[in-house]
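Note sheet for the following structure.
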Amino acid sequence: MLAATWPVLAGSTGARALASEGNGRGAPPCQSCHGADGGGQEAAGFPRLAGLDAGYLAKQLADYAAGTRANAVMQPIARALSADERQAAAAYYSRLPVPMAPLPARPEATDGAGATLATRGRWSDRVPACEQCHGPGGVGVGAHFPPLAGQPAAYIAAQLKAWQQGTRRNDPLELMQHLSRALGAEDIEAVSRWFAAQPLPNGRSTP
């Protein structure tokens, strides 16, 4: 029994060490940017990792390592992690409960530009509702459509701009590259704020 469970326990311990201590080979502690609870940092625009799909997290780390997704901070970190370490970190964060997010200082209007793009889209520009892929309220769907709800507005906006500029190009069928080009600066700000204000159930986790 002990022998059978040892690899799982060892992998779990290794992932916790990566989160809190780094790997000693160029990868710093994950929590230094993403918080001890994996909840991210709103002010700095660092995204929440807790509760995200493990497949999505593993793919993003692999894409950073391969250069498919560009980021001056994350690329060298991902390259300093082994493939096993990337998988372990992804599994670890996917199982963390989602921290309680603070209420936004200014709730977004349900009929504003952000809500319209998120829930109904803008078909005149061939932009479907964000919720069609990312789920109701932006809770996320599987390994390709991550949660947007409760993520820092600055992070969401930065990703939309990265899709527009082509510095991020690891989306399925180039969906986000196409859709982001139909959005103006005000659209990006509005929809980012709307999703950042959407709540997630406290304690939600991914099996």
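Nothing in this text is a laboratory measurement; each read-out follows from the coordinates by a stated rule. Since we're looking at a predicted model, the values are computed, not measured. Glycine also receives a Cβ, built like all others from the backbone with ideal geometry; neighbour counts cover every protein chain displayed.
Some observations on this one:
- Over the chain, equivalent-ellipsoid semi-axes from the Cα gyration tensor in Å: 31, 19, 15
- Inter-label distance, nm, simple model (7 Å from Cα along the C-beta direction), Arg25/Lys161: 3.5 nm
- Calculated [222 nm] ellipticity per residue, helices only, for the chain: -14000 deg cm²/dmol; basis is -39500 (n - 2.57) per DSSP H run with n ≥ 4, divided by all residues, nearest 500.
- Additional length obtainable on full extension of the chain from Arg181 to Asp84, 0.36 nm per residue less Cα span: 31.4 nm
- Computed from Cα atoms, the angle from the helix 2-21 axis to the main principal axis of the chain rounds to 60 degrees.
- Summarising the label geometry, the points placed 7 Å from Cα in the beta-carbon direction at Thr68 and Gln132 lie 2.4 nm from one another.
- Between the Cα long axis of helix 83-94 and the first principal axis of the chain there is an angle of about 60°, rounded to the nearest 10.
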